[in-house]
Structure formats: C-alpha cells, structure tokens
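Here the structure is laid out as structure tokens; the discussion comes afterwards.
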Amino acid sequence: MLNFGSINVDHVYTVEHFVRPGETIGCRKYRRFAGGKGLNQSIALAQAGACVYHAGKVGAADAWLKTLMEDKGVDTGFVQTIDGPSGHAIIQVNAEGENAIIIVGGANQLISEAEVQGIVADFGPDDYLLVQNEVNAVPQIIQSAKAKGLTIAFNPAPMNAQVLNYPLELVDILIVNETEAQALTGESEPDSIGETLNRRFPQTAVVLTLGDKGAAYFSPQARFYQPAKKVHAVDTTGAGDTFIGFFLAELIETNNPAAALQWATRAAALCVTRHGAADSIPSRRELEAIQ
Ligand code: RIB
C-alpha cells in the first residue's frame with residue numbers, strides 16, 4: 001500500500017464551545033499532537049497490520065513526525081524532509097468531543113509531478129494507492145497510479161469544489177463521510193448517496209461513514225450496513241482516518257468488505273474515546289483483546 005498523504009502538527013485547543021464570530025475565549029487545555037489525514041491513515045494501516053509506504057513532505061523542524069510514523073511501523077522511505085514549514089492544523093475540541101479544524105498546507109502542498117511519477121514507478125498492479133485531499137497534485141497522483149495498474153482508494157477530505165473535477169472515474173474505492181457524500185451527490189440519505197455514486201461510477205465501491213451511526217458499503221454487487229458501538233466520545237479527531245486504515249487493511253487481507261466494515265467501525269469507536277489524532281489510533285492487538 002502506497003499512501004500519498006499529508007503530515008501535520010495538530011494544535012489542539014479543548015474548549016467549552018467552538019469560538020463564535022467576534023468572540024474571544026480561553027481554552028481549558030492546549031496540546032500538540034501528530035496529525036494530518038495522510039499520517040493518521042498510514043499509522044492506522046500499519047497498526048491494523050498492513051504494509052504501508054508513506055509518501056509526502058515534512059519540515060525539517062518536525063522530523064519527530066517521521067520518527068513517530070517509523071515507530072508505528074510505517075515505511076517512510078518516500079517522505080522528504082524540506083527546509084520550510086510543515087503542514088499544521090488548528091483544532092478546537094468542544095465539550096461533546098466534536099472538532100472544528102483549520103488546516104495550513106505547508107510542506108503538504110509542495111509535491112511536484114516529477115516526484116509523483118518517480119515514487120509511483122516503484123509500485124505495480126498488486127499494490128494499492130491511497131490518497132486524501134490534503135496534498136496538492138491529487139489528480140496526477142491518481143492518474144499516475146492508475147496508469148501503473150494500482151488499485152485506487154480515495155478519501156476526498158477535506159472536501160472542496162476542486163474534487164468535482166478530479167478523475168473520480170479512476171477510483172476503485174471511494175471513502176466518504178456524509179458531508180463529503182452530500183457535496184458529491186446532492187443527496188443526504190445513505191441509500192440515495194450509494195445509488196447515485198454507484199450509478200455515476202459503476203466501477204467504484206463506495207464506503208460511507210456515518211459517525212456514531214456506523215458505516216455503509218455500496219457497490220453494484222453488494223450493500224452492507226454496519227452499526228457502531230455506543231461509546232463515550234471525548235475527541236472525534238482522527239476517527240475517520242482510523243476507520244479508513246482499518247477498513248483497507250482488512251479488505252486487502254481478506255477481500256471481505258463486510259468484515260472490513262465491522263473491523264473499521266470498532267477501531268473508530270475506540271479511537272473517539274481517546275484524545276488526539278494519531279495518538280488515539282488503536283492497534284490490531286488492542287481491538288482483538290476486547291472482542
Ligand atoms: O482527520 C483528522 C486530521 O485532519 C487532523 O489530524 C488534522 O491534521 C487534519 O488534517
């Protein structure tokens with residue numbers, strides 16, 4: 001699995017409520033965590049037992065993020081350290097454990113087309129590509145990987161208008177939350193979302209995450225729903241990333257989307273009971289221990 005993705009420093013502010021227009025508030029707690037949808041998903045893949053190569057860029061001052069990925073079992077041979085700022089995120093977490101996030105691209109936005117070609121050249125038809133929308137050059141990454149025969153998994157997060165012009169017809173596995181799905185389809189009901197996306201992209205399996213309601217899988221051949229276990233959420237940051245890593249790891253291992261959905265939903269439920277993004281991702285062994 002090659003994951004072309006962001007690497008962020010997360011500045012996390014625990015607040016009573018999200019700051020309102022014109023308001024200044026103090027935070028209960030400030031903490032700095034490792035994050036970035038790319039980094040989180042690579043760590044989740046590795047924690048779930050998959051072999052994952054992360055490609056991306058990080059500022060030299062934040063080399064600890066690269067070390068953390070290595071410690072968690074991610075191959076960082078394609079992570080480039082640059083002179084300049086890393087990506088970072090400013091994250092408010094409210095009393096309900098919900099978050100509001102601003103991201104600053106930094107090194108994540110400096111990937112060149114030549115670098116994409118060079119890295120993808122090392123992979124082939126037995127491999128998967130995963131990419132999110134937090135790095136630049138997403139269309140080139142998808143096109144280059146497809147040309148080499150990789151199976152393409154795309155998580156269009158954070159969603160923006162540019163995604164509508166990406167070569168989504170090349171995507172084999174599209175993983176979206178309800179907001180992203182609504183922006184892509186104009187639909188809000190899970191079944192309508194699945195049907196619309198399957199009609200528009202008949203080659204693509206669609207995984208829809210539904211927060212504390214669980215997740216769903218739609219392909220022209222099959223449809224599964226997986227409810228989530230009720231837990232006390234303290235911080236939902238990274239839950240979607242945990243889900244994606246565990247889903248793909250299990251799918252690659254077993255080719256069983258229903259089992260992958262179940263496994264991923266359990267991992268995400270455990271993630272939200274802990275603080276931080278990368279730090280809250282459970283390991284396969286932890287999940288097995290609480291069967
Ligand atoms: O998905 C959670 C992540 O989104 C955070 O770690 C933050 O860095 C933002 O990219």
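Footprinting exposure proxy ranking of 164, 110, fewest other C-beta atoms within 10 angstrom first, gives 164, 110.
If you take the alpha carbon atoms of region 35-122 and fit the smallest convex hull around them, that volume is 108 Å³ per residue.
Quick one: which of 88-96, 170-178 comes out on top by average Cβ neighbours within 10 Å, and what's the full order, highest first?
Taking the mean over residues of other Cβ atoms within 10 Å, the ranking is 170-178, 88-96.
Across bins of 5 angstrom width beginning at 0, how are the C-alpha pair distances of region 1-152 distributed, in whole percent? Pair shares across the bins are 2, 10, 18, 20, 17, 13, 9, 6, 4, 2, 0.
Taking a ≥ b ≥ c as the square roots of the eigenvalues of the alpha carbon gyration tensor, the chain is rounded, as a/c is under 1.5. How much of the DSSP bridge set in region 1-125 is antiparallel, in percent, rounded to the nearest 5? Here the antiparallel bridges make up roughly 45 percent for region 1-125. Among the GluC sites (Glu not before Pro) in region 5-88, those located in a DSSP loop and surrounded by at most 12 other Cβ atoms within 10 Å of their own Cβ are 16, 23.
Which FRET efficiency value, to the nearest 0.05, do you get for residue 67 and residue 90 by plugging their Cβ-Cβ distance into 1/(1 + (r/R0)^6) with R0 = 30 Å? Computed FRET efficiency for residue 67 and residue 90: 0.80.
Here region 159-177 and region 225-276 have alpha carbon centers that stand 21 Å from each other. Would you tally the net charge around residue 156, using a Cβ to Cβ cut-off of less than 15 Å, leaving residue 156 out, and scoring K and R as +1, D and E as -1? For residues surrounding residue 156, the net value is -4. When a/c reaches 1.5 or more, the comparison of a/b and b/c decides; with that in mind, is region 15-70 rounded, prolate or oblate per its Cα gyration tensor? It is prolate, given that a/c is not under 1.5 and a/b is the larger ratio.
Shown for 213, 37, 57, 146: other C-beta atoms within 10 Å of each C-beta, ranked fewest to most, produce the order 213, 146, 57, 37. Rg over Rh for region 163-291 works out to 0.97, using Cα positions for both radii and the Kirkwood form for Rh.
Counting charges near residue 40 (Lys, Arg +1; Asp, Glu -1) among other residues having Cβ under 12 Å from its Cβ returns a value of -2. Proximity of backbone amide H atoms, modeled 1.01 Å from N, is registered between residue 80 and 56, 57, 58 at under 5 Å, excluding neighbours fewer than 5 places apart on the same chain. For region 204-246, compute Rh as the Kirkwood radius over C-alpha pairs and then the Stokes-Einstein diffusion coefficient at 37 °C and 0.692 mPa s; write the answer in µm²/s, rounded to an integer. The calculation lands on 287 µm²/s. With the convex hull of its Cα atoms as the shape, region 74-173 has an orientation-averaged projected area of 7.9 nm². When the label point is put 7 Å from the Cα of residue 224 along its Cα-to-beta-carbon vector, which residues of region 253-290 have a backbone N closer than 14 Å? From region 253-290, the list is 253-267. When each of the peptides 265-277, 185-197 is scored by the mean number of other C-beta atoms lying within 10 Å of its residues, the order from highest to lowest reads 265-277, 185-197.
Taking a ≥ b ≥ c as the square roots of the Cα gyration tensor eigenvalues, region 134-203 comes out oblate, since a/c reaches at least 1.5 and a/b does not exceed b/c.
None of the figures in this text is laboratory data; all of them are computed from the coordinates on show. Since the model is a prediction, treat every value here as computed from it, not as a measurement. Cβ atoms come from the backbone with ideal geometry, glycine included; neighbour counts cover every protein chain shown.
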